[in-house]
1. With 10 angstrom as the radius, rank 27, 64 by how many other C-beta atoms surround their C-beta, starting from the fewest.
2. For the chain, give the magnitude of the charge dipole about the Cα centre (Cβ charges: +1 Lys/Arg, -1 Asp/Glu; no others), in debye to the nearest 20.
3. So who's got an amide H within less than 5 Å of the one on residue 6, skipping anything under 5 residues away but keeping other chains? H placed 1.01 Å off N, in plane.
4. Here are several values of Cα Rg over 2.2 N^0.38 Å: [x] 1.31; [y] 2.38; [z] 1.08. Which one was derived from the coordinates shown?
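What follows is calculated from the coordinates using simple rules that are stated; it is not laboratory data. Worth saying up front: this structure is predicted, and the values here are computed from it rather than measured. Counting neighbours? That spans all protein chains shown, and the Cβs are built from the backbone with ideal geometry, glycine included.
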Amino acid sequence: VSKIYVGVPASPETSTAESGFVAARVFISKVLPFVKRSSKYGGVMLWDRFADKQNGYGRNIKAFV
C-alpha cells in the first residue's frame, strides 16, 4: 500500500514557497483534519530544514501529524 506525504513549506521565505506557505495553526486546524481522513495518509514533509530549524514549524505541528 502506497502512502501519501503532504509537502509543506516551513517558511514563506523559502524560495520555492512564494504562494504555498500555510501558517502552522491553519495547517493543524484546516489541512490536517482533511488529509488524515485518507487511508493513504503517511505523514508530512517540510521544505526546507534550514527554515524549519529557524522558526520551529515542525516542532509546532509534530504532535498533530
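1. Starting with the residue having the fewest Cβ neighbours, the order is 64, 27.
2. The calculated dipole for the chain is roughly 420 debye.
3. Those qualifying (amide H under 5 Å, at least 5 residues apart or on another chain) are 42, 43, 44, 45.
4. The listed entry that was calculated here is [z].
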